[in-house]
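Since the structure comes first, as structure tokens, the remarks are kept for the end.
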Amino acid sequence: MNIIVCVKQVPNTTEIKINPTTGTLIRDGVASIMNPDDKGGLEEALKLKDRYNAHVTVITMGLPQAEDILREAFAMGADRAILITDRKLGGADTLATSNTLAAALRQLEFDLIITGRQAIDGDTAQVGPQIAEHLDLPQVTYLENLEYDGKKTFTIKKSMEDSYQILEVDAPCVVTVLASANKARYMSVRGIVEAYDKEIEIWGFERIGIDEEKVGLKGSPTKVHKAFTRGVKAAGEMFETDAEESVGIIMSKLKEKYII
Ligand SMILES: Cc1cc2nc3c(=O)[nH]c(=O)nc-3n(C[C@H](O)[C@H](O)[C@H](O)COP(=O)(O)OP(=O)(O)OC[C@H]3O[C@@H](n4cnc5c(N)ncnc54)[C@H](O)[C@@H]3O)c2cc1C
């Protein structure tokens, strides 16, 4: 069984800072990590490797420093790592990102494509389902648990708002995983040492063979009009009252601000 896990390097903070001129994320000086949901996805893949001897490939589109998360994936147990990096891919929105990843995935063998449910910086949860659409594959999002029959069928526990579904889906398919689905294993010392001897394949724009109009800023229908970090608001007023009185206070405040 061949499994491919899409992993994204993200700033190790939710306190992201935006460059007011370019409207893009300030990444310099901000420590980066593997997106938490993606680590959950990698762990699901490695569990299938432990049980069914699956082959696990990790793939990322990013800046050259995204090599770090691929080395981490090697140290956790991944077999192959691909970094898609090229200036032409910069400034990509989710559609351009998923176009790029799908083009690369078309050149690989897979029974299961795993993405995280969501990245903690862009926060759109769009890339996984978009990849499934581009590759015309069935998809299950918000995966909390995965079972495999050892042949071709996955049984998936999908998290819903206040319930969950148990779904069966045949390979090949795409799943998006929640970090809460498992407790990701740590990198082993031996894994860390060996990770630095393993080769990371670097794929540029030419290698993925896709129309330049579909990637990077050119391929992004999302135009960032204005991006800014919201300033800290004033503390606000605290009232220690009972429920009834607080309703009156809230109503008068709303009227005061002409909200009602
Ligand atoms: C603050 C901020 C706001 C943004 N808002 C938007 C927006 O509204 N619309 C828009 O189109 N773009 C937006 N972007 C750009 C968007 O972040 C990028 O397009 C990004 O590459 C993919 O979107 P995402 O981060 O939301 O990922 P998500 O769709 O949340 O990611 C889901 C999963 O897809 C996989 N994945 C995502 N990106 C990569 C990658 N580069 N390499 C490998 N796997 C990946 C991971 O497994 C990830 O868990 C925003 C970026 C920032 C920083």
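Numerical summary
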read-out	value
Neighbourhood net charge (10 Å Cβ-Cβ; Lys/Arg +1, Asp/Glu -1) for Ile202	-3
Glu244-Glu161 FRET efficiency (beta carbon distance; Förster radius 41 Å; 0.05 resolution)	0.85
Lys, Arg +1 and Asp, Glu -1 on Cβ, resulting dipole of the chain about Cα centre, debye, nearest 20	500
³J(HN,Hα), Karplus 6.51/-1.76/1.60, whole Hz, each residue of segment 91-108, x for Gly, Pro	x, 6, 8, 5, 5, 5, 5, 5, 4, 5, 5, 4, 4, 5, 5, 4, 9, 10
Candidates per GluC sites (Glu not before Pro) in segment 78-185, loop by DSSP, up to 12 other Cβ within 10 Å	Glu109, Glu161
Probe 1.4 Å, all protein chains present, accessible-area order of Arg207, Arg190, largest first	Arg190, Arg207
Neighbour net charge for Asn53 - beta-carbon separation under 13 angstrom, K R +1, D E -1	0
Too-long pairs where the Cα-Cα distance tops 20 Å, listed order kept, from Lys88/Lys214; Lys8/Lys158; Lys47/Lys151; Lys47/Lys157	Lys8/Lys158
3J(HN,Hα) from dihedral phi, segment 184-197, Karplus parametrisation 6.51/-1.76/1.60, rounded to Hz, x for glycine, proline	5, 5, 7, 5, 7, 4, 4, x, 5, 4, 5, 4, 7, 8
Environment charge of Leu167, counting only residues whose C-beta is closer than 14 Å and scoring Lys/Arg +1, Asp/Glu -1	-3
Cα→Cβ-extended label distance, 7 Å offset, between Ile202 and Asp170, nm	4.2
Point-to-point label distance, Glu147-Gln107, nm (Cα→Cβ direction, 7 Å offset)	3.9
Loop chymotrypsin sites (Phe, Trp or Tyr not before Pro), segment 116-206, which have at most 12 other Cβ atoms in a 10 Å radius of their Cβ (DSSP)	Tyr186, Tyr196
Full-stretch length increase - Asp136, Glu212 - with 0.36 nm per residue and alpha-carbon distance subtracted	25.2 nm
Mean separation of Cα contacts under 8 Å, 6 or more apart, over the residue count of segment 2-214: relative contact order %	27
R0 of 25 Å, Cβ-Cβ distance Tyr258-Asp123: FRET efficiency to nearest 0.05	0.20
Probe 1.4 Å, all protein chains present, accessible-area order of Lys88, Lys214, largest first	Lys214, Lys88
Sequence of Ser220, Ser180 when ordered by accessible area, the most exposed leading, probe 1.4 angstrom	Ser180, Ser220
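The values are calculated or read from the model by the stated rules, or taken from the named source; none is laboratory data. Values in this document were obtained by computation on a predicted structure and should not be read as measured data. Heads up, the Cβs are rebuilt from the backbone with ideal geometry, glycines too, and the neighbour counts pull from every protein chain shown. Side chains included, ligands, DNA and RNA excluded: accessible areas come from the protein's heavy atoms. Shrake-Rupley method; radii C 1.70, N 1.55, O 1.52, S 1.80 Å.
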